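Read through the structure below, which is laid out as structure tokens, and then see the notes.
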Amino acid sequence: MDLTGMARRGLLLGGAALATFRSLPASGQGAAPPVPQGTGLAAMTARANAGTVGIVAGGVDGTYIRIAADLAAVLDDGERLRVLPIIGRGSVQNIADIMFVRGIDIGIVQSDALAYVRSRRLLPGVGQMVQYIAKLYDEEVHVLARAEVESLQDLADRPVNVDVPGSGTSMTASLIFDALGIAPKLVNDPQDVALDRLRRGEIAALVYVAGKPARLFSGIAAGSGLHFLRLPMTPALIETYLPARLGHQEYPGLIPEGAGMETLAVGAVMAAYNWAPGTERFRKVAGFVEAFRSRFESFLRPPRHPKWREVNLEAQVPGWVRFDPTREPPPPAYRR
């Protein structure tokens, strides 16, 4: 990781970012900055960037990028707020991107990613630098295997794709296999490549953490020779994951009508960098949060993703600190 980038943002964070949160009226620091006026190149550049927020999501076949696209479709209002969805690698990498990559203010990650990064000391200071805007929905763990693979235990010593390094799937798959005492040979191909390899018999299974219905599996017809594996809750997993179920309605080519498949789920979180109050980047994220909450009802109607209907804006995320758009900057130093 680039420690210079961390230091740059750390200076902006400062002690004020860790102070007690205090409320302001609507016209305070959470309000969007005035849009620069003028017809010159400098004014046009400033105007284009004044309300632009970058959101890093996931791969093209996942739910994250569809959620980010919905955010852009609903919240874009011209020059006051513009949302740029960005294809990303997933949870762990998205947290690093929020911390270090210029132009990325917000990311969608799994709720277990912060604890994973902190416990392994992958990103120093992450607990102070990354906060959450809202808990979104639960993501289901999909384990798709070839016909000869009947259970998770059959995957021991066999090649299993877990998505690219740094993805939430890679993280969660490692945690689950470790907890269950199963040691497959982990492969890190993009999911579309992995699905082709699975069909050809080059790997035994693939793991994919995504909100159902995941588009990756939408084109799989009955009789494909592929099926989902059962992933039941166990005492080793109950503190981190939730019980879930995949059904025929989501995957008609893989699950017979009237049947279902036990699996696990993990929460998805909209995370943001903890910018210091009073900075331009803080005002951008605060303006995004205000727009998101005020227009939330629009996400509950078609053609928006059905996962929006699972979102509770007041839900808390254990182990995370909520981003507060009403924080004010510290008072100026007293001068005699």
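Nothing in this text is a laboratory measurement; each read-out follows from the coordinates by a stated rule. All figures in this text were calculated on a predicted structure; none of them were measured in a lab. Ideal geometry is used to build each Cβ from the backbone, glycine not excepted, and the neighbour counts take in all protein chains shown.
Between helix 41-50 and the chain there is an angle of about 60 degrees, using the helix long axis and the longest principal axis of the Cα atoms.
Of all the options Ala57, Ala72, Ala183, the one that moves most in a Gaussian network model of the chain with Cα springs shorter than 10 angstrom is Ala183.
For the chain, a Gaussian network of Cα nodes joined below 10 Å ranks Glu239, Glu140, Glu250 by mean-square fluctuation, and the top entry is Glu239. Give me the net charge of Leu229's neighbourhood, meaning all other residues with Cβ under 9 Å from the Cβ of Leu229; Lys, Arg count +1, Asp, Glu -1. My count for the surroundings of Leu229 gives -1. Here the average projected area of the convex hull drawn through the C-alpha atoms of the chain stands at 20.1 nm². Computed from the Cβ-Cβ distance with R0 of 22 Å, the FRET efficiency linking Asp192 to His248 stands at 0.40. In this simple spin-label approximation, Glu148 and Leu41 carry label points 7 Å from Cα along the Cα→Cβ vector, and these lie 6.4 nm apart.
For Ala50, the shell of other residues with beta-carbons less than 10 Å away shows a net charge of +3, using +1 for Lys and Arg and -1 for Asp and Glu. The GNM of the chain, with springs linking C-alpha atoms under 10 angstrom apart, assigns the highest mean-square fluctuation among Lys185, Lys307, Lys212 to Lys185. Orientation-averaged projection of segment 139-267 equals 7.0 nm² [convex hull of Cα atoms, one quarter of hull surface area]. Each helix, a run of at least 4 DSSP H residues, gives -39500 (n - 2.57); summed and divided by the residues of the chain, these come to -8000 deg cm²/dmol at 222 nm.
For the chain, the longest principal axis of the C-alpha atoms and the axis of helix 63-75 are separated by about 30°.
Given Gly201, Ala315, Gly258, which one lies farthest toward the positive end of the charge dipole of the chain, if we put +1 on the Cβ of every Lys and Arg and -1 on the Cβ of every Asp and Glu? Value: Ala315.
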